[in-house]
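Readers should treat all values here as calculations from the given coordinates under stated rules, not as data from a laboratory. On a predicted model such as this, the values are computed, not experimentally measured, just so you know. Glycine also receives a Cβ, built like all others from the backbone with ideal geometry; neighbour counts cover every protein chain displayed.
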Ligand code: CDP
């Protein structure tokens, strides 16, 4: 049987960096489910889809096939066969991903893909509803969080490094809005699974968090 690790938590808690490194150390496959939501969001933006218009959304989803592949250890996400990995990290796509991920039709589209991957391989999967909805029987669940201030300043540095200009205030506002939307939506809201280990990374280094996850995994394998 495959060993599954679920990591959930709010935007900017460092999930993807930590998940990628922990997966490498453990020899697991890292599955970034946020990238799947982002790929769908990119498709919706390109089509100019009005997310609140039910039929329009259904039509757009029917024409949006998402799949993933790997280049070395790096997950690549494909939208209708096109590798869109380099196009999904903008603030515009982030906002659309969060808005469209609230729609049950969007979530249903990705559920099977995520569960299939976890059934076949030892995966470390990160997202918002992995421990609660997608992999309720994961052998290890982590709820990774950090204060808004810490998360905002991390995201700010990340965007600066990529040459994308925006202010810290804008990022704080964006994070607070996304937290609210992710935690209060009706379908699969972000929350800590009862059996998840809470890790607050505000005062921890990346290495410390990775080490914690690796240790917990080895204890349970
Ligand atoms: O990297 P960051 O934490 O900012 O976001 P992400 O993990 O790439 O996810 C982008 C958006 O997709 C989030 O704001 C969530 O609303 C949504 N998402 C979700 O609803 N469920 C998941 N399993 C993963 C992402």
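Summary table below
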| read-out | value |
| --- | --- |
| Gain upon complete extension [residue 187, residue 87; 0.36 nm per residue less C-alpha separation] | 33.4 nm |
| Residues of region 1-31 with amide N under 16 Å of the 7 Å Cα→Cβ point at residue 73 | 15-31 |
| FRET efficiency, residue 166 to residue 220 (Cβ-Cβ, R0 30 Å, nearest 0.05) | 0.15 |
| Relative contact order (%) - the chain, alpha-carbon pairs under 8 angstrom, separation at least six | 34 |
| Likely footprinting exposure, 156, 30, fewest C-beta neighbours within 10 Å first | 156, 30 |
| Length-normalised contact order of region 95-204 in % [C-alpha pairs under 8 Å, at least 6 apart] | 39 |
| Virtual spin-label span in nm between residue 147 and residue 55, 7 Å along Cα→Cβ | 5.1 |
| Region 52-130: relative contact order as a whole-number percent, Cα under 8 Å and 6+ apart | 17 |
| Exposure proxy order (Cβ contacts within 10 Å, fewest to most) of 94, 153 | 153, 94 |
| Estimated [θ] at 222 nm from DSSP helical runs (n ≥ 4, -39500 (n - 2.57)) normalised by residues in the chain, nearest 500 | -16000 deg cm²/dmol |
| As computed over region 75-218, the Cα convex hull volume per residue (Å³) | 133 |
| Three-way shape call for region 28-69 based on the alpha-carbon gyration tensor, with the a/c threshold at 1.5 | prolate |
| Mean Cβ count within 10 Å, highest first, over the residues of peptides 194-205, 9-20 | 9-20, 194-205 |
| Footprinting exposure proxy for 142, 206, 68 (fewest neighbouring C-beta atoms within 10 Å first) | 206, 68, 142 |
